[in-house]
Every structure is written in structure tokens, then in C-alpha cells.
Amino acid sequence: MSCYVRLNVGARLLPTSATDYNALPEYARVMADFSKRIEKAEKYLQKGKTESALEEYLGILEDDPNQDGVRSSAADLCLQLNRAGDATKLLSVLFERQAGIGDVSKANITYKKLLKATTPTPEQSLRYGQLMEKTSKKDALDAYEAAVGSFTSAGRKQDALAALKRVVALDPKVENYRREGELATELFDIKAAAEAFFQAGELEAKAGDGNPGAWYARAFTTDPTLPHAALAHGKTLLAKGDAKGAVQAVEALATGAAASPELREAYCRGLLASGRPLDAEPYVWELLDKDPAQADEVGRMIAELIKAEQMEKALAAAHRLEENQTKHDRRREYVNLIKEVTDKQAPSVEFLEYLVEVYNANNREQDYCATLIKLFQLYYAAGNFIKAADSLDAAAEVDAYEPGHQKRLEMLRGKIDSSRFNAVANRFAGAVKVDEDKAGAPAGGMESETTVLDDLMLQAEIFLQYSMRSKAVERLERIQKLFPREEDKNEKLRSLYMNAGLLPKYPSGVGAVAPAVPAAPASGAPPPGLAPAVPGSYAAAPSANDAAVDNIARVTEITRNIYRQGNVKSVLFTAVNEVGRHWSASRCVAGLCTPGKPPSAALEYCAPGVKQSDVMAIVKLIGTLQALAVARGPVLIPNAPGNPDLAGVQQFIEALTIQSILAVPLMDGDEHAGVLILEQCYTPRDWRQTDVFVLKTIADQMVLAVNNSRLRSLVKTLAVTDEKSGLLRRASYLDVLLSEVKRSIQQTSTACVMLLQFAKAGPLVKEVGEPAVESMMTQIGQVITSHIRQNDVAVRYDLTTIALVLSDTNEKNAFFVVDKLRKALAGVRLAGSDKPLPITTGIAELVIRSNFDPIDVVTEVINRVERALDAARAEGGDKANALAAKLEPVPA
């Protein structure tokens, strides 16, 4: 077996004798010869004969090119002798051989020697850079840069691009990507160029400085078919508000069969931002189907559909989104989203009606009430006054003291049937009382021109507020026809024309129509603008310029403050202070008393600088004025000194310098419960009919507040409330019902009684024990008391049944309450199991008639609601059933 042995420079294999030399194999004799020659070259070097040593080395290489050690020594001698050409040839061969076997350290040394001899070829620099990438990034970059420069100088741009890509891979910075992109562009390599520009943009985006959008735009311009470049460019344009440009950037790629989800999403967002919701619709639903959390995009689509007045599609999208979010247990998120969307838009009537249902079903009473008010405005603007009244009625059921309700009620005066007007007014707990003849059409059956103009202007203003310009223009054109050139003298109308972008045009010579002159009053009738105040006198009646509406609006705040009080004294104290300040009266006195008896409670407000009345004066004035109020209702006395009706208290009137008096009775149903008095000192005062009207309203509220505070006090005194559940005990059931019936009769309102049974008591106690049942009912009671209104009452009817007394609630609305409670109790489980809680409900609406005895009404409704509960149980349980009352005619 033979082997090959390579001898490097300096290797010694010398025979000791000729016999030994001849005995060696041939290859060994050759190696021995090379050793002698190398030794000879070394001796030349020792003698300073460098040229001779070099020639000897070159001879060895000529005979054996594989002697890399000799080649290295020869190259060093060439460099020493300034023979750069020979050194370059030797080092080039040596570098290629070392690079070929991956000897990085030797190749590194050789390359640096080569640099001393000459400029390496670009291929050598490129090869050296590849070798040095892992050990010296700097040397590698220098080599690559040298290669790029050499290739470029030689016109070899394709090779320069390859080298530059190595630079970018090793040092990815914006400048390097720019060079790569521009060089690739010169070579018409558009994909490589676009990719380089895109990567430059990515780097600037990550750094947070610079202008990545410019790079994305350059990448997209270079190659519009590069998906991620188009996507980045489109997103940048969209962020800058150029939705149209964003759509154009991604449209071709996003609509293709192989489009990525990211592209389709960007295209969808661009379509929405550019006001093309119908085009975006399929992409929006695609996003939602993949991820229910993408509901925001559907919300944006709904908003754009509303803007585009595509109300039917917007409503359909809302229904579909609601179904999706409910399925994925995201109903709360949906309600918040749809509220955010519609708060910024102006939905149609149909959409608002849908929102009313959503908010009502999710116990969002504030949003429910606000949406009903929007509905009221739109119905009113459209002339649908009956629907407007229904909206106001429902809103008042939630919160009768919402600011502006009284003004809205006044807007309906004369536009709906008197009985309907009164029914809506009664929602405000007696805040407004009207006469049957005044609540109907205005006198003469015709609206004045001023009322027609104001109504049309108000309707146009509402439509503009809700971005319904076409309908607003319709109203304004009607004004233009009926009241030509009215805008010349009406600044508000002029502003409406400007906001609607409507320029009135008239034929020459057309002027404003003069308003009709009202006919003279019939003989013996009071002059226009006057109405009877007290027998034998006339006072100015409310007119368009009176503060009647302002006073009524003020009632809301005053009555709200009164109702907040927890006891009788606080109610009276708040009432006299609020009323006295509002009317700027010298004094305001409120007294609770039965006619003919001294007051059981009385409080007085005195304006600054006005002295207080003594106790005797207050008692005498209350007694006298209550007697007058019992006889003839509200008492207006412009000149109190010397008035024969006040003869018995003249000494007190003089002592207190009272000049004028206004007194209204406090009525508890048909019974007189006290009197509310306004006194004006020093100078006489003419009380207006509106003062009587509003003060009487507040007086009615005072009586209700006093009764409520007494009832609350009684409840606390008797400790009828269970501390854990918050439910009243069964003993208070009849008292609560009787109180509610009396209130409903007084206010001509309605109420409902509801029995909620959660299981049959006997079998459930046997199954899980009474403690478990009690724990379940405590939890149920806590949920119910936290989800009913303040005026509603919850009573523990029996072990597994709760009674609810719902004030100002009819049978139809009671079913909504059932739905609300079912949702609120969805998380409660039947005692001892994981089964959903069954809720069997009986409902009965009170029969309210002024000629009915309250005790009889209570007896009848108790029996009827129990029959309704029995009927619901007979249907299988977990149902709601309502029984209407059967009224039989009275025999003749």
C-alpha cells in the first residue's frame, strides 16, 4: 500500500549516504531533491542573494505548482524586490487555493499581502468578503465595497448589484437599500428595486423617524404588482387621509383571487374611508366572519351607510352585526359600538326605532331616553305629532324630569287630541295640567301665521341637525312660498337658508304677506290676551312672549329637588326656598293643615332684607288663605291692604308690609292638605295667570313628595325592608298598592302589578332545603331591586315569588320589564342545580277611574294578577301572561 507525502518549505529528508539515497522510492527521492533546492534557496538568502533565492523558489514552483509554502516565500521576495507583477500572480494563485479549501486565516494574510502589491480583482474582493463575514464584519464590508466599486468601474453592473446585495445583507441600512434599488432600476430589475425601496421604508418606519411613506411610494411606483409594497403604500395614503389613492393602490391586487387577507382588509378600509360602503360590504362581512372582534369595521360601514342615506342597508347591517355579536357573547360590546356610531351620525326614524329596542332590551335607560327624544324631534319635524307624543310619553316614563320635557310638551299643544295631550302631561307626575278646551286646537280652529312659521322653521332646523338636507329644503321652500321675503326681517330664518344652502328666489314685485288682523272680540268677552284669574277680575293670559315655557321648564328642576328630600320638613324647606327665589318673592310660606285646624307643619322663606313673620302671623295667614282657596281655588290679591277678604288678618298684613298675595291650595286628591303662599312686600305686584298655573303644578308635586317621604319614613319605622335582598316584606304589599292606586287616580295615570314566580316552593324546599332557596331569593332580590326604577316597588310575596308594583306603566310596557329582568337574571341559577332560572309571570294593569274606590281597585287587581300567574303556570311555566280587567255595565 502506497501513500503520497507533501513536503513543505523547510522539510528535511536527507539521506545519510549514497546507498541510502539510492534505496529510496522515486517520490521520496523527488522530495529529497526539493528539500535540497529549498535549502539552497535559504542559503542564498543567508548570503543576501535574494534574486538567486527567488529564482530557485520559482524553479521549484515550476516543477511542482502545489508547493504553497514555496509560493508564499517567493511572493514575499517579489514584494521585497518590488516585482509587483510577479507578487500579484503568486499571491492570486495562493489566495484562490487557500480560499478554495476554506483556510480563512491564511487567506486573510494572503489577501492583505495582495493589497500591498496591487488592487485585487473584484472577484477576489467578493471572495474575501464571503470568507470574512463570520470573523470580521468590517473587513467583509470593505471587501464588498471594493468589489462593488471595481465591478461598477468595469461596467459590470449586474455583478456590482450582486456584490451590493451582499453589502445590504451584512449592513441593512436605508442608504444601502437606496443604492441597491437605484442600481437595480438601472438594470431594469424592477422587482429587486421595488423590494429594496420597500425595505428602506420598513427601516425608517421601525426607527420612527424619516419618511417611510416616500420609500413605500417609490417601491409602489417601481413595481405596482409587489403586494407588500402596494399594501404599505395604501396604508400610508389612508393614514394621510387620501382614501381614494389608497383604494387605487391596492385595488388591482386586493380584488384578485389570490389576494392576501391583509390586502383585502386594507382595500376594505380604503373603500369605507372614501365613502363607498356598498363596495366595502362583502369585505367587511368577510373580516367579521374571521374575527368577531372586527366589529368596528362593520360599525364604520354602518356609519358610512347612514351618511350616504342608505338607511335600509344600514339597519340591515346593524341587525346582522347584532346577531353575530350576540352569538359570540359580545352583546355589551355591540351596544357600545352602535351607540358610538349613531352618536356621531344622524340616523333615520326607522334606525332610531331600532335603537330604542336595543337600549330598552339592554337596560340602557339613559340612552333609551335620549334616543326617544331624538325620535320625538324627527317625528315632530315630519309632522307626525301622534308618534312624537308617543316618544315623549315613553321618555317620560323613564325620567319625567329630563331637562326639556316640558318644552317638548308645549310644542305638542294644539297639535294632538286633548285627551292624548293630557295623558302625556300626566306622565310628568302632575307637572302640567291643562283644560280640555285649551289642549285641543287653537281658538277658531286655525293656527296663526306666527305659529305656522315657527313650526316650519323648527322642523327645518331639526332636519338640518340630523343631516336630512332634502327634507329641510322642502320645509324651507314651503316657508318661501307662504312667507316670501320673511328672511329679510327674520335673522333665524336667514341663517336656516344659509345652512341649507338655499337661496330664495322671487318674481319681481313679490313682497312679504301681511299677517291677518284678528277679529274684534265679541261684546262682553275679555280682550285678547286676557283670561279670568279670579272671579270679578282679569289678568294677562299666557302669550308667546310670556315666560310660561320657561316657568314650566323650571318646574322640572324645582320638583326634582323637592323629590330628593327624605322627610316632610326637608320637602317644605326646599319648596319654599326654590319657589321664593324663582318668583323673586318677598316671602314664600308653605303650610300643611286640614281646613279649620291649625297647621301641622309650616315653613317660611324670606328674601334678603325682609323680616321673618312671627308664628301667630303665619298661622292666621295660612288659615285665612286656605279658607279662601277651599272656596274658590287659587287666590290672587294684587292689593292686600284693605282687601275685605283679608279683614281678619289686616293687622298682620300691615305689620309685615304685604302688598300682594298669591296662594294655591295643596290638594291630596279631592282633599285639601295645606296651602302655598307667595307674598310681595313694599310694592304691589300683578301676578300672571302663568304664575298660578306653574305654582299649582309645583303644589301638586309637593303633596306627592310629602306623601312619598311619609311612606318611606313608615317603611323605615316598621322595618319592612329585608336588609340583604332589598325587598319589602309581604306586610307592606297592600299599603304600597293602595298608595299607588291613590296616586294614579289623582294623576290620571296607570300602573301595573306583576308577580314573578321562580319555582314551586314546596318541591324546591324538599329538594335543596330552605337555606338554599333563601340564598337564591336573596340574590334574585338584589338583582331586581338594582334594575327597577326608583318609583317602582319590589315586595317579597312568598318564599319563591316577588311582587312588583310598576308606576306609570301599562300592560304593554310591563312585558318589556319582564324581558329586562330575564336578561338581568340570566346568570342566576336554580337553587341546587346549574339549570337556568325559570320565571313565570302574571301581569295585571290597574283599572284607574276617578269614581272607583281605591280599596276596590286594589282588591280587584290582586285577584286578577294571581289568576294571570295561574294561567302562566298552566301554559307550562317560564311564561308571562297578562289578564285584562272585565268591566261590567252598571244596571240602570
Gyration tensor verdict on the stretch 341-396 (Cα atoms; rounded if a/c is under 1.5, prolate if a/b is larger than b/c, oblate otherwise): oblate
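Quick check: with the 1.4 Å probe, what order do ILE479, ILE101 take by accessible area, largest first?
Working: ILE479 0, ILE101 135 Å².
Largest accessible area first, the list is ILE101, ILE479.
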Area accessible to solvent at ARG710, 1.4 Å probe radius, in Å²: 120 Å²
Over 25 Å between alpha carbons, listed pairs LYS374/LYS407; LYS47/LYS106; LYS89/LYS165: LYS47/LYS106; LYS89/LYS165
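Given a Förster distance of 35 angstrom, what is the FRET efficiency for LYS481 paired with ASP343, based on the Cβ-Cβ distance and rounded to 0.05?
Numbers: r = 36 Å, r/R0 = 1.02.
The value I calculate is 0.45.
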Euclidean distance of C-alpha centroids, the stretch 223-285 and the stretch 61-78, integer Å: 66 Å
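Do you know the relative contact order of the stretch 801-892, to the nearest whole percent, from alpha carbon pairs under 8 angstrom that are 6+ apart? The partial results should precede the final answer.
Details: 95 pairs, mean separation 25.7, N = 92.
Over the stretch 801-892, the number comes to 28 percent.
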Phi-based couplings in Hz for the stretch 112-119 (Karplus 6.51, -1.76, 1.60; Gly and Pro marked x): 5, 5, 4, 4, 6, 7, 6, 8
Segments 839-845, 200-206, 38-44 sorted - mean Cβ within 10 Å per residue, highest first: 839-845, 200-206, 38-44
With all protein chains modelled, accessible area of SER850 [1.4 Å, Å²]: 110 Å²
Within the accessible area of the stretch 101-220 (1.4 Å probe), percent carbon and sulfur: 54 percent
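What does the C-alpha gyration tensor say about the overall shape of the stretch 571-708? Classify as rounded when a/c is under 1.5, otherwise prolate if a/b is larger than b/c, or oblate.
Working: a/c = 1.38, a/b = 1.26, b/c = 1.10.
Rounded, since a/c falls under 1.5.
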Ordering of 698-706, 284-292 by packing [mean C-beta count within 10 Å, highest first]: 698-706, 284-292
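How large is the accessible surface per residue of the stretch 204-334, computed with a 1.4 Å probe and reported in Å² as a whole number?
Counting only protein heavy atoms, the per-residue value for the stretch 204-334 is 50 Å².
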Proximal aspartates and glutamates relative to LYS820, as straight alpha-carbon distance under 12 Å, when same-chain residues fewer than 8 apart are discounted: GLU357, GLU365
Reduced Cα scattering model of the stretch 568-610, Debye log10 I(q)/I(0), q = 0.15, 0.17, 0.18 Å⁻¹: -0.37, -0.46, -0.51
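Taking K and R as +1 and D and E as -1, what net charge do the other residues with C-beta under 13 Å from the C-beta of LYS327 add up to? Each step should come with its number before you reach the end.
Numbers: positive: ARG320, ARG330, ARG331; negative: ASP289, GLU322, GLU323, ASP329, GLU333.
Net local charge, LYS327 excluded: -2.
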Probe 1.4 Å - accessible area at LYS235, Å² to nearest ten: 120 Å²
Cross-link reach list, lysines versus LYS742, counting only Cα pairs under 27 Å and skipping chain neighbours closer than eight places: LYS433, LYS438, LYS569, LYS597, LYS696, LYS716, LYS812, LYS886
Potential lengthening between ASP853 and GLN46 on full extension [0.36 nm per residue; Cα-Cα distance subtracted]: 276.3 nm
Cα centroid separation, the stretch 577-606 to the stretch 818-882 (Å): 43 Å
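Give the peptides 221-232, 185-196 in descending order of average Cβ contacts within 10 Å, highest first.
Working: 221-232: 20.1, 185-196: 18.2.
Per-residue Cβ counts within 10 Å, averaged per peptide and sorted highest first, yield 221-232, 185-196.
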Proximal lysines relative to LYS489, as straight alpha-carbon distance under 20 Å, when same-chain residues fewer than 8 apart are discounted: LYS481, LYS505
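The values are calculated or read from the model by the stated rules, or taken from the named source; none is laboratory data. Predicted model, so just to flag it, every value in this text is computed and none were measured. Virtual Cβ from ideal backbone geometry, glycine too; neighbours counted across all protein chains shown. With ligands, DNA and RNA removed, areas are computed over all heavy atoms of the protein, side chains included. Shrake-Rupley method; radii C 1.70, N 1.55, O 1.52, S 1.80 Å.
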